[in-house]
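*Asks:* Right, I'll just put the structure down here and ask away after.
The values are calculated or read from the model by the stated rules, or taken from the named source; none is laboratory data. On a predicted model such as this, the values are computed, not experimentally measured, just so you know. Note that each Cβ is placed from the backbone with ideal geometry, even for glycine, and that neighbours are counted across all protein chains shown. Please note that ligands, DNA and RNA were not included when accessible areas were found on the heavy atoms of the full protein model with its side chains. Shrake-Rupley method; radii C 1.70, N 1.55, O 1.52, S 1.80 Å.
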Amino acid sequence: MDETSLQKGVAERSATTPTRREVYEAGIRRRSNRIALISTVSVVLALFVLVPLAPGWEAVQRAFFNGRVFTATFPGLLEAFLLNVMIFAWSAPLIAITGLAIALCRDARAPALFPLRLFGIAYTDIFRGLPVVLVIYIIGFGIPGLGLPRPWNSPYIWGTLALVLVYSAYVAEVIRSGIDSIHHSQRAAAASLGLSDRDTMRYVVLPQAIRNVVPANMNLFIALQKDVALLSFIGPVEIFRQAGVYKSLYANFTPYVGAALIFLALTIPATRYADYLMNKQNKART
Amino acid sequence: MTAKLSLRGVRKRFDDHEVCKGIDLDIAEGEMVCLIGASGSGKSTLLRCMNLLEPIDDGSIWLDGTDISEPGLDPQPVRQQIGIVFQSYNLFPHMTAAENVMLAPRRVRGLSREDLRPRVTQLFTRFGLGERMDHYPDQLSGGQQQRVAIIRALAMEPQIMLFDEITSALDPELVGEVLDVLRDLRKQGMTMVLATHEMGFARELADKVCFLDAGRILEQGPPETLFSNPSEPRTKAFLARVL
Amino acid sequence: MKLIACTALTAIVSATAAFAAGDGTCAAGKTLTEGTLTIATGNPAYYPWVMNDAPESGEGFEAAVAYAIAEKMGFGKNNVTWVRTSFDEAIQPGAKNFDFNMQQYSITPEREEMVDFSLPYYTSAMAVLTTQNVVDAGAQATLDSLKGLKWGAVATTTAIPMLNEVIQPSDEPLLYNDNADVNAAIMAGQIDAALYDLPTALYLSAVVVEGGALLGQFPPDQSESPDQFGLLMEDGSALRECVDAAITELTESGELAAIEAQWLSEATGVPVIK
């Protein structure tokens, strides 16, 4: 096509003689880069030079950044983190399924399904309104306290249920907002083809809605990865609890720093990825 | 002559605004009817009422002598017989063109992809989209998308096709390819109702043109009569503006 | 007459105060507030270490020991003030708000890297708290039997290394924030047994845990590193030598043993784990 040769022509010209605007923009860019560099260097300098000058720095360093304690506890922390990963791995799909079911409950339009809709509303209101740790305590100790035999009273089962209850409420709201974001003309098009409401939801609305809310749900699941640690309140020795044990054995907070590093190693890439997806989606919309 | 589709005293209101104020219209088998009129005159609403996307408030709609506007009637079988194509295409963006076309036949008529593929391929080829079947809507031009939307409606093998200003959202150079599709359908003898601003096209192909004004059919007749010799002053005024 | 009595009393009190200020004693100039000894305990402080969560009364083993040590250091009852801290506050870097902290802190070499401990004021046996149901189901005071139980403990205690090294349970133990949560887990049947110091275990089994039972104890002389409680002080605390001198004096005079006999139940009835 002529289009490509045209573009090529433009590229060649700009390679040899930049336009006035390009010169101007390049100048602005150099200036911003310089300012960014200077300000970054000064902040880093302040952090690494000024903070250690503080009178209590040595004590803080010994209590929080203790190399000996770090090396002694880090492998144990990594091992304990496997439990977090496992709890996350079995909770996440359950949360996704339950969240979707609740979102569909809230979207039920038939009058016969009104109780379902009411249930969906009550569910999301209640479980979004409660602190996770409270739900974990109440369900994790409360339900087994009713006299369930082992292994049905396991804190893993009921702690997972607590996580599923709370997080599926959030996921349900996110999915519902995704459903609402699908333009009604899509439903109209499906209806005009004779598709049932059910098929319209399943084949037309949901696939688009869920795709739209992937980044928002990613953020929820990053939060879940952190909240898995709350299960330690009812017994399981995951990384946060293991760090607490080490802290008390060594009378030193360094294991918490180790645990924080392990969390960050996982959540930072996940967060960046979620942001990337979000940006991509925003670009696609405009 | 018995009408394929008949409207009798059709009224439709949205909140306080009455959009259709008693419409009577007969569409014969194989006939092509064009609805013209200013924006907001009720053309689109009337089309949406015809395939029951909007329930009517009063009056009745008859398809092959059956009242399909009976409140509480399941609209789905009717919609299978009356296809509609929208101004903004409304393709499903997460499916390829072919999947868009096959979804309803698969789900509503229980046909398999394998059953459908030859017929769908034939439709795409017929409308010049043989190469685009597996493209997603955002990889197609507006004209191509609108043609896919027409194929999607045709795939349900409807007896009547409704077209709601299907060229209004298109760049001028893409209008022709869509109108060609309509010409093709006309040749095949499809019963069609169009809401349109393409007066030349209406004049060329329509059996009957209806001028809608403020929710009423003010005047109707064969295109030569209506365009050349309108009897109502409002029709004259409208035509003077658009021609 | 009344006036004279009053004046006399005032004179005596101020004399005591002057003495208690610790002038010329070991602790002079080494306490947080000159003339006052600030002691930290838990929030809440538990029976039988402190009775009724009121250390000021001097009732309960640790409260009584605290006042005895204070006296030996030259601080009268009126010159002792109490504060409350958590374990984390006790070990955090920076200025401390206590002279010493007393809440059943076990002395370990690892902890001594970070903080200072006094000489031990109590050597505890570890005991197995369980319920009658578990005992009825056949649990016995033998290591073999204990291995098969589902274990729990408070996460901040030295019970955990003991559990992992001596009992080595076949199932991973579950760990909790505090006594109350361990008890909730026992009552919910999520764990069979928990490891506590003997006095705490005695109290919990008798008063707190419904159907609670003591399965047995690991006497201090049996474990490799006996669980010894010490006063926790800031690393490099100048007061440490004074505290140690007071504790040595109390131990040698038999006063410490007398306080122990008064407040901590005789544990002779608890079977020893083989």
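*Asks:* In what sequence, highest mean first, do C:67-74, A:212-219 appear when ranked by Cβ atoms within 10 angstrom?
*Replies:* C:67-74, A:212-219
*Asks:* Could I ask something else about it? Placing +1 at every Lys and Arg Cβ and -1 at every Asp and Glu Cβ, with all other atoms neutral, what dipole size does chain B have around its Cα centre, in debye to the nearest 20?
*Replies:* It works out to roughly 220 debye.
*Asks:* Here is a follow-up. Roughly how tilted is helix B:172-188, in degrees to the nearest 10 and between 0 and 90, from the longest Cα axis of chain B?
*Replies:* So the helix axis and the longest Cα principal axis differ by about 90 degrees.
*Asks:* Continuing with the same structure: Percent of accessible area on chain A owned by carbon and sulfur, 1.4 Å probe?
*Replies:* Answer for chain A: carbon and sulfur cover 69 percent of the accessible area.
*Asks:* Same structure, new question: Taking the Cα centroid of the stretch A:107-174 and of the stretch C:171-232, what is the distance between the two, rounded to the nearest whole Å?
*Replies:* One Cα centre to the other: 32 Å.
*Asks:* Once both axes come from the Cα atoms, what is the angle between helix B:142-154 and the longest principal axis of chain B, in degrees from 0 to 90, rounded to 10?
*Replies:* 90
*Asks:* Post the alpha-carbon centroid distance, the stretch C:47-70 to the stretch A:219-286, in whole angstrom.
*Replies:* 42
*Asks:* Given N residues in chain C, what is its alpha carbon radius of gyration divided by 2.2 N^0.38 Å?
*Replies:* 1.12
*Asks:* OK, next. Please label the shape of the stretch A:4-143 as rounded, prolate or oblate, based on the square roots a ≥ b ≥ c of the eigenvalues of the alpha-carbon gyration tensor (a/c under 1.5 means rounded; beyond that, a/b larger than b/c means prolate, else oblate).
*Replies:* Note, shape of the stretch A:4-143 comes out oblate.
*Asks:* Next question. Please list, in order along the stretch C:68-76, the HN-Hα scalar couplings obtained from phi with the Karplus expression 6.51 cos²θ - 1.76 cosθ + 1.60 (θ = phi - 60°), rounded to whole Hz, x for Gly and Pro.
*Replies:* 5, 5, 4, 5, 4, 7, x, 10, x
*Asks:* What does the buried accessible surface come to for C and A, summed over both chains, with the probe at 1.4 Å? Round to 100 Å².
*Replies:* 2600
*Asks:* What total accessible surface area, summed over both chains, is buried at the interface between chains A and B, computed with a 1.4 Å probe and given in Å² to the nearest 100?
*Replies:* Looking at A and B, the buried total is near 1700 Å².
*Asks:* Heavy atoms of the protein only, probe of 1.4 Å, neighbouring chains included. What is the accessible area of B:Leu73 in Å², nearest 10?
*Replies:* 80
*Asks:* Suppose we keep just the DSSP beta bridges with both residues in the stretch C:126-218; what percent of those would be antiparallel, to 5?
*Replies:* If I count the DSSP bridges inside the stretch C:126-218, around 65 percent turn out antiparallel.
*Asks:* Sticking with this structure for a sec: Excluding ligands, DNA and RNA, what is the solvent-accessible area per residue of chain A at a probe of 1.4 Å, expressed in Å²?
*Replies:* Ligands and nucleic acids excluded, the figure is 56 Å² per residue.
*Asks:* Rounded, prolate or oblate: which fits the stretch C:126-218 when a ≥ b ≥ c are the square roots of the eigenvalues of the alpha-carbon gyration tensor, with rounded for a/c under 1.5 and prolate only if a/b beats b/c?
*Replies:* Rounded, since a/c falls under 1.5.
*Asks:* Compute the distance from the alpha-carbon center of the stretch A:19-93 to that of the stretch B:132-195, in whole Å.
*Replies:* Cα centroid to Cα centroid, the span is 57 Å.
*Asks:* Apply 1/(1 + (r/R0)^6) to the Cβ-Cβ distance of A:Ser39 and A:Val214, taking R0 = 45 Å, and write down the FRET efficiency to the nearest 0.05.
*Replies:* With R0 = 45 Å, the Cβ-Cβ based efficiency is 0.85.
*Asks:* Counting only protein heavy atoms and a 1.4 Å probe, tell me what percentage of chain B's accessible area is made up of carbon and sulfur.
*Replies:* Carbon and sulfur: 45 percent of the exposed surface of chain B.
*Asks:* Just to be sure I understand the model, the point goes 7 Å from the Cα along the line to the Cβ. What's the resulting B:Gln122 to A:Ile97 distance in nm?
*Replies:* With each label placed 7 Å out from Cα toward Cβ, I get 4.4 nm.
*Asks:* Within 10 Å of each candidate Cβ there may be at most 10 other Cβ atoms; applying that plus a DSSP loop requirement, which trypsin sites (Lys or Arg not before Pro) in the stretch C:96-168 survive?
*Replies:* Passing both the DSSP loop test and the Cβ count: no residue.
*Asks:* Kindly identify residues of the stretch C:68-97 having a loss of at least 20 Å² in accessible area between the isolated chain and the assembly of all protein chains, probe radius 1.4 Å.
*Replies:* Those are C:Phe87, C:Asp88, C:Ile91, C:Pro93, which lose 20 Å² or more relative to the chain on its own.
*Asks:* Where only protein heavy atoms count, and the probe is 1.4 Å, what is the accessible area per residue for the stretch C:26-182 in Å²?
*Replies:* Per-residue value: 38 Å².
*Asks:* Okay, moving on. Rounded, prolate or oblate for the protein assembly as shown? Axes are the square roots of the Cα gyration tensor eigenvalues, ordered a ≥ b ≥ c, and the cut-off for rounded is a/c under 1.5.
*Replies:* Prolate, since a/c reaches 1.5 and a/b exceeds b/c.
*Asks:* Identify, among A:Leu249, B:Leu25, B:Cys49, the residue whose Cα sits farthest towards the positive end of the charge dipole of the protein assembly as shown, taking +1 on the Cβ of Lys and Arg and -1 on the Cβ of Asp and Glu, with the dipole about the Cα centre.
*Replies:* Going by the Cα projections, it comes out as B:Leu25.
*Asks:* Also, I was wondering about something else. Let me spell out the model: positive unit charges on the Cβ of Lys and Arg, negative unit charges on the Cβ of Asp and Glu, origin at the Cα centre of chain C. What dipole size does that give, in debye rounded to 20?
*Replies:* It comes to approximately 640 debye.
*Asks:* Using modelled amide H (1.01 Å from N, peptide plane; none on Pro or chain starts), what sits under 5 Å from the amide H of C:Ala40, excluding residues fewer than 5 places away?
*Replies:* Excluding prolines and chain starts, which carry no amide H, the hits are C:Val83, C:Asp99, C:Phe100, C:Asn101, C:Met102.
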